[in-house]
Amino acid sequence: MSQHDHTFVEDYDGLVGFGLDRATDEATIMVYLQKFSDDQVLKTIIPRLSQEELEEVFDLLSRLLAQRLTKDEYEDFFLK
């Protein structure tokens with residue numbers, strides 16, 4: 001059984017767009033991130049990223065995780 005799930009993108013039927021309101025912005029980011037993390041998308045785009053882009057993505061995600069999750073949340077939700 002998989003430890004990860006990406007059900008939001010499968011179930012969401014609202015607007016995907018940015019700048020209308022906070023709720024739509026949050027939903028749009030969730031959709032984009034779940035679609036971006038699809039294995040086929042990642043297998044296609046990762047080899048095309050420069051080293052600088054790889055570092056930018058890693059740094060952004062690491063910073064957000066460190067700033068917005070407690071240690072316990074990080075271990076429970078991210079590390080599983």
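The single residue among Glu56, Glu75 that is without any contact (Cβ under 8 Å) to a residue 24 or more places away in the chain and open to solvent by 80 Å² or more (accessible area, probe 1.4 Å) turns out to be Glu56. Checked against the criterion of being charged (D, E, K, R), open to solvent by 60 Å² or more (accessible area, probe 1.4 Å) and touching a helix residue (DSSP H, G or I) at 6+ places or on another chain (Cβ under 7 Å), the candidates Lys43, Lys35 yield just one match: Lys35.
Would it be correct to say that Ser50 is at pLDDT below 95 and loosely packed, with under 10 Cβ neighbours inside 10 Å? Spelling it out, it is not the case that Ser50 is at pLDDT below 95 and loosely packed, with under 10 Cβ neighbours inside 10 Å. Consider region 2-32 and keep the residues that are outside any helix (DSSP H, G or I) and hydroxyl-bearing (Ser, Thr, Tyr). The one that is surrounded by the most Cβ atoms within 10 Å (Cβ to Cβ) is Tyr12.
The values are calculated or read from the model by the stated rules, or taken from the named source; none is laboratory data. Predicted model, so just to flag it, every value in this text is computed and none were measured. Positions of Cβ are generated from backbone atoms using ideal geometry, with glycine treated the same way; all protein chains shown enter the neighbour counts. Side chains are part of the model used for accessible areas, which takes the heavy atoms of the whole protein and leaves out ligands, DNA and RNA. Shrake-Rupley method; radii C 1.70, N 1.55, O 1.52, S 1.80 Å.
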